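Let me begin by presenting the structure, written as structure tokens, before commenting on it.
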Amino acid sequence: MSTSQQTDRRPPPLPPGQQLVAAGKWPLIGEREPAAGNQPWQLTLSGAGCQARFSLAELHEMKQTTLSVDIHCVTRWSKLAVEFTGVLLEDLIGHAPPAEGVEFVSFVAQSDRNHSTSLSLAEAMEQKTLIAHTCQGQPLPTEHGGPLRNIVPGKYFYKSVKWLKAIDFLTEDRLGFWEAESGYHNGADPWREERYMAPTIDRRTAARLIADRNFSGHDLRSLDASGRDLSGLSARGAALRNANFNETDLSGADLSAANMSNSHLRQTNLRSAQLVGTDLEGANLAGADLRGADLTDSSLIGSSFCQWDEQGKVVQGACIDATTILPRSLLEPLTPEQRDYVLAQLDESARSS
Ligand SMILES: Nc1nc2c(c(=O)[nH]1)N[C@H]1C(S)=C(S)[C@@H](COP(=O)(O)O)O[C@H]1N2
Ligand SMILES: [Mo]
């Protein structure tokens, strides 16, 4: 394992636990395309007595604002200073004021699952929420939410809905898709690391599942199993978002198709573990032992394998060798520093074997 690696780049001002994506990259997260319908595109404002409809042309005629936005995804990748142009929510509702008593807004997508997210109206305005049709001077690409998405600067990106078709005014909050489905924190402040709400299961149930070493099919988000012996665990398809497995023995575990996004896997023993098709987005694998592990088809957007100190010296580096099944094509979405580290490990082991 290499012990020192110089990083000459100065760390940019990022919220805790975030890393920059490679220059020019913009990962595609969540839904990939809008549902059919809503053509020609219209934005509907409704709820609490308000009812208004705007075409794209009408939106273009309103006051236009361009904001430089730092994108922070909950799965730990960031992309700074992206320019979005559109209509500020504040200006939009000047054209269709919500009734007294409206406290929340829900942004709803033209998508198969009617994807949505919500904020308090006051916060949505404070955050300069933008109804954007243009990105970097070009029409917003369809895969990134074109023709219209809302952008909430200063929040994790799940508060910015792609293919915006409706804004609902509400007197009480209605949790969004990710917030309800995956336990994403409703506050979503990246500077306070509001990534997840509290765990879904009680301690006793957690203790029993740990003793049985069978997590398959369970929702164990935010579970704390750090330091445990869970060798041979079967956790196929388990929901393990944000779970803490730091220094846990997961050797020989079957974690295939599990959702381990944002899980904590520092110094974790993953020898010969099955991580086939596992979602490891944003997972921290610094210092994990991955010898003999199979990561075929796993998703590694925003994952880390190595941690450096301020001098650029490796503090914790994952142990990866010729027995680790880690196709190079999977390394594409890593940050350049993380990718260089993993490639160096793979090259070193290829040379010495
Ligand atoms: N309609 C819709 N909007 C969505 C999502 C989604 O699944 N569907 N995912 C959210 C999440 S979690 C993120 S990080 C961003 C990703 O936007 P991008 O694909 O343009 O990077 O969209 C947000 N808005
Ligand atoms: Mo996200």
Legend entry - Exclusive hit being of a type in the set (Ser, Thr, Tyr), within 16 Å of ligand 1 (Cβ to nearest atom) and assigned to a strand (DSSP E or B), set 75, 44: 44
Inset, instruction - Go through the residues of segment 296-318 one by one and say whether even a single one is charged (D, E, K, R) and under 27 Å from residue 218 (Cβ atoms). - result: yes
Inset, instruction - Among residues belonging to segment 188-212 that are at pLDDT 95 or above and not in a helix (DSSP H, G or I), point out the one that is farthest from ligand 2 (Cβ to nearest atom). - result: 189
Inset, instruction - Output the residue which, of all residues in segment 179-202 that are more than 30 Å from residue 36 (Cα to Cα) and without any contact (Cβ under 8 Å) to a residue 12 or more places away in the chain, is nearest to ligand 1 (Cβ to nearest atom). - result: 187
Inset, instruction - Take residue 176 and decide whether it is more than 10 Å from ligand 1 (Cβ to nearest atom) and not hydroxyl-bearing (Ser, Thr, Tyr). - result: no
Inset, instruction - Tell me which residues, restricted to segment 40-76, are open to solvent by 40 Å² or more (accessible area, probe 1.4 Å), within 24 Å of the chain's Cα centre (by Cα) and more than 16 Å from ligand 2 (Cβ to nearest atom). - result: 68
Inset, instruction - List every residue pair whose Cβ atoms sit under 7 Å apart, with the two residues 6 or more apart in sequence or on different chains, where the first one lies in segment 220-238 and is of a type in the set (Asp, Glu) and the second, anywhere, is open to solvent by 30 Å² or more (accessible area, probe 1.4 Å). - result: 224/244; 229/249
Legend entry - Out of 174, 271, sole residue that is open to solvent by 60 Å² or more (accessible area, probe 1.4 Å), in contact with a Lys or Arg (Cβ under 7 Å, 6 or more places away or on another chain) and assigned to a loop (DSSP other than H, G, I, E, B): 271
Legend entry - Residue that is at pLDDT 95 or above, buried (at least 23 other Cβ atoms within 10 Å of the Cβ) and over 22 Å from residue 73 (Cβ atoms), where the choices are 161, 87: 87
Legend entry - Among (1) touching a residue at least 60 places away in the same chain (Cβ under 8 Å); (2) within 16 Å of ligand 2 (Cβ to nearest atom), the one test that residue 148 misses: (2)
Inset, instruction - Return yes when residue 79 is surrounded by 15 or more Cβ atoms within 10 Å (Cβ to Cβ) and either acidic (Asp, Glu) or in the same structural domain as residue 142 (by TED's automatic domain parsing) (or both) and no when it is not. - result: yes
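The values are calculated or read from the model by the stated rules, or taken from the named source; none is laboratory data. Everything quoted here is computed from the prediction, not taken from an experiment. Every residue, glycine among them, receives a Cβ derived from its backbone with ideal geometry; neighbour counts consider all protein chains shown. Ligands, DNA and RNA are stripped out before the accessible areas are found, and what is left, the full protein with its side chains, is counted by its heavy atoms. Shrake-Rupley method; radii C 1.70, N 1.55, O 1.52, S 1.80 Å.
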